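The block underneath contains the structure these notes are about, expressed in structure tokens.
Please treat every number below as a calculation from the coordinates, not as lab data. Quantities reported herein were computed from a predicted structural model and do not represent experimental measurements. Note that we place each Cβ from the backbone using ideal geometry, even for glycine, and neighbour counts take in every protein chain shown.
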Amino acid sequence: MSLLATRDLTVRFGGHVAVDAVTCSFEPGTLTAIVGPNGAGKTTYFNLISGQLRASAGSVTLGGRDLSRLPASERTRAGLGRAFQLTNLFPRLSVLENVRLAVQASREGRHRRGLNLWSVWSDHGALRARADEVLAAVALRDKEEELVANLPHGDQRKLEVALLMALEPQVFMFDEPTAGMNAAEAPVILDLIRRLKQDRSKTILLVEHKMDVVRELADRIIVLHNGALVADGKPAEVIALPIVQEAYLGVAAKEAA
């Protein structure tokens, strides 16, 4: 049974159709990689699912609930977690404060209480413990007092994943999670995604250009081109398709072969 589904999801910018009637479903316990050439509509599709963009037509459902008219904040509370290509953090707060905000938002959201994100953190031992656990998972415990604005890019990307983990969503959405990271930093993020995959109740969506990463992590690949869904299946089968090799993945596929 699918947890997340899009039906005929479409967005137009003037006369340009950026996402063209994409119908697709995503099951718990599955990591789906979304690939295609630059401009194929991958990030736009993510934006439609997470609510950063309003669809021109079609629907997004989560657990059977129609989210199509909800803003991004409501979709997050419903269980959609999104990490961006560009970090989406509180730069003037510390690393620890960023994570504690996310932990409290998750806890209070589940208990349907009004959020009070600026409450006195020292009174919340359980929140601190969970924040410490998340920071340890992303190897940032030694930088918990650093201002986020002072972190190097790789650490900011790790912190963004930490915030996503702290929110405990049903669906994890990663848009090029290792973009801008060096060879030493990227394995930490990839290892986190591997660990998230072990929770078979979660659904993971991954936009990624690096085909070696896709081959290792993905249970399934879907291919977008000119906003349309053109291939969907197991990684080996999809990557082997001539139309994907030659037209949609191009040099990236040849290098990964």
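Quick rundown of the values:
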{"read-out": "Length gained when the stretch N182-A72 is fully extended (0.36 nm per residue, less Cα-Cα span)", "value": "36.6 nm"}
{"read-out": "Table column - 3J(HN,Hα) (Hz), the range 32-37, Karplus curve with 6.51, -1.76, 1.60, x for Gly and Pro", "value": "10, 8, 10, 10, x, x"}
{"read-out": "The range 189-215 residues near the modelled R65 label - backbone nitrogen below 17 Å, point 7 Å along Cα→Cβ", "value": "202-203"}
{"read-out": "Summed side-chain charge close to D219 - residues other than D219 whose Cβ falls under 13 Å, Lys, Arg +1, Asp, Glu -1", "value": "+3"}
{"read-out": "Gaussian network model of the chain, Cα within-10 Å springs - most flexible of K197, K234, K42", "value": "K234"}
{"read-out": "27 Å Cα-Cα reach of K234 towards lysines, excluding residues that sit fewer than 8 places from it in its own chain", "value": "K42, K197, K202, K210, K254"}
{"read-out": "Relative contact order (%) - the chain, alpha-carbon pairs under 8 angstrom, separation at least six", "value": "28"}
{"read-out": "Highest-MSF residue in the chain out of G15, G125, G51 [GNM, Cα springs under 10 Å]", "value": "G15"}
{"read-out": "Signed unit charges on C-beta, dipole axis of the chain, positive-most listed residue A5, L241, V99", "value": "A5"}
{"read-out": "Helix-only [θ]222 nm of the chain, DSSP H runs n ≥ 4, -39500 (n - 2.57) each, per residue, nearest 500", "value": "-10500 deg cm²/dmol"}
{"read-out": "Hits among lysines - C-alpha to C-alpha of K143 under 25 Å, sequence gap 8 or more where chains match", "value": "K158"}
{"read-out": "Footprinting exposure proxy for T61, T43, T203 (fewest neighbouring C-beta atoms within 10 Å first)", "value": "T61, T43, T203"}
{"read-out": "5 angstrom amide H check on A57, placed H, neighbours 5+ away", "value": "T10"}
{"read-out": "Inter-probe distance in nm under a simple model that places probes 7 Å from Cα toward Cβ, at E146 and S2", "value": "4.1"}
{"read-out": "Most mobile listed residue (K158, K143, K202) in the chain, GNM with C-alpha springs under 10 Å", "value": "K143"}
{"read-out": "Neighbourhood net charge (13 Å Cβ-Cβ; Lys/Arg +1, Asp/Glu -1) for D191", "value": "+2"}
{"read-out": "Of all DSSP beta bridges in the chain, antiparallel share, percent nearest 5", "value": "55"}
{"read-out": "Placed amide H near V19: partners under 5 Å, 5+ positions off or other chain", "value": "V11"}
